[in-house]
1. Using a Förster distance of 45 Å, how high is the FRET efficiency between residue 94 and residue 211, based on the Cβ-Cβ distance and rounded to 0.05?
2. Could you give the nm distance between label points at residue 46 and residue 308, where each point is 7 Å from its Cα heading toward the beta carbon?
3. For residue 333 and residue 119 in one chain, what is 0.36 nm times their gap in residues minus the Cα-Cα distance, to one decimal in nm?
4. Report the relative contact order of the range 22-162, percent, no decimals, based on alpha-carbon pairs under 8 angstrom and at least 6 residues apart.
5. Provide the net charge surrounding residue 231, with neighbours chosen by a C-beta distance below 9 Å and charges set as Lys +1, Arg +1, Asp -1, Glu -1.
6. I'd like the FRET efficiency for residue 323 and residue 196, computed as 1/(1 + (r/R0)^6) with the beta carbon distance as r and R0 of 35 Å, rounded to 0.05.
7. For the range 82-117, list residues with backbone N below 20 Å from a point placed 7 Å from the Cα of residue 57 toward its Cβ?
8. Against the 2.2 N^0.38 Å scaling, with N counting residues, where does the range 259-339 land? I'd like the Cα-based Rg ratio to two decimal places.
Amino acid sequence: MDLTTYHSLMGGRLASAVTVLLSAIVATLIAMAVHRAGVSVLRRLANGRPFTTHATRVAFRASQLCLILFGLRIVLAGAPADTPGLVGLSHLASVLLIVALTWLAMRCIDALSLTIAQLNPVDVADNLRARRLITQARVLTRSAHAIVVILGLSFILLTLPGARQIGASLLASAGVAGLVAGIAARPVLGNFIAGLQIAFSQPIRIDDVLIVNGEWGRVEEIKGTYVVVRIWDERRMIVPLTWFIENPFENWTHTSSTILGTVFLWLDFSVPVEPLRAELDRICQESPLWDQRVCKVQVTDATDRAMQLRFLISASNSGDAFELRCVIRESILGYVAQHYPHGLPRLRSSIDPIDLNDTTSAKIINRPDAFDTIIDGAPSARV
């Protein structure tokens, strides 16, 4: 090859590279203008519809990147064959386009989850249906993210000649791959499957009140592999998803947030029950914590010394029930102390006079069983 031919060839390649570069810049500007115009049209046509509003907001950058890479891919596809690095640039653009499409799909899934949360607010009195839908949306969103990432990785591997067989295996040999992955990563897949079970069967939901290992708390968040339970004293308990599938636990809001609360008091037999019923009814009527369902006083037990009274009330949720129980306990104790001061069980010792000149009395003065212990309202007992 002579020098003239070489310079001509190099000049042609340089011209092709400059042409591709200028075309790429023009394609990028056009893609950005088309994207902005399309987003504006979608927002106007949406007229405040939640999904379109969230999609155009959370997927703005991802969709913009997809259009830009799509324009660059078209430019590279029509570029002259003698353009330097054309094959590598084309492959890189294809891989980036797959990554951008994966990102766009994940952001659209997020927009759908946000739409469900907006249409089903949990800050209402009867939020059982809303919590059920939001729990399903959050758990399924994370599962969908994992599936989209796996598909995106598979398509990227399919574009690589050396790794094409791996990508095909991920897509076509799901059974074998699943078996191998299940043996190698059993805890991860176990939590993934447990997440799907929780999403559909819903033993727990967002904001459910649970008793887990003796701790009272609310479900604050359901992640991909674990659940965050907010304990009443602001601690956080991290529990794997599989634990809720394999172990029994208490769910106080599974079907409804309403709950019954009890206050137990031991009182003397001389305290009449009817005034206490009237006092409990007055306390409940004046308290905004009571939900107007149950307000009862019952004698549930009795011994040779005192009787046990159960004050049974109802509330719209466990937090109100706890507060109302405290109010009732304080008020009833104050009422009994004011109107029936001897009504609370007491331990009182009574020592009989002893004649020191009596030799018989002098012999037993040091014996502890010479004292009588009298319980108010109950027979005396010698100790």
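Readers should treat all values here as calculations from the given coordinates under stated rules, not as data from a laboratory. Please read all numbers here as calculations on a predicted model, not as lab measurements. Positions of Cβ are backbone-derived with ideal geometry, glycine not excepted, and every protein chain shown enters the neighbour counts.
1. Efficiency, rounded to the nearest 0.05: 0.25.
2. About 6.0 nm, to one decimal.
3. In short, 72.4 nm is gained.
4. In percent, rounded to a whole number, it is 25.
5. After counting each charged neighbour, the total is +1.
6. 0.40
7. So the set is 104-117.
8. 1.05
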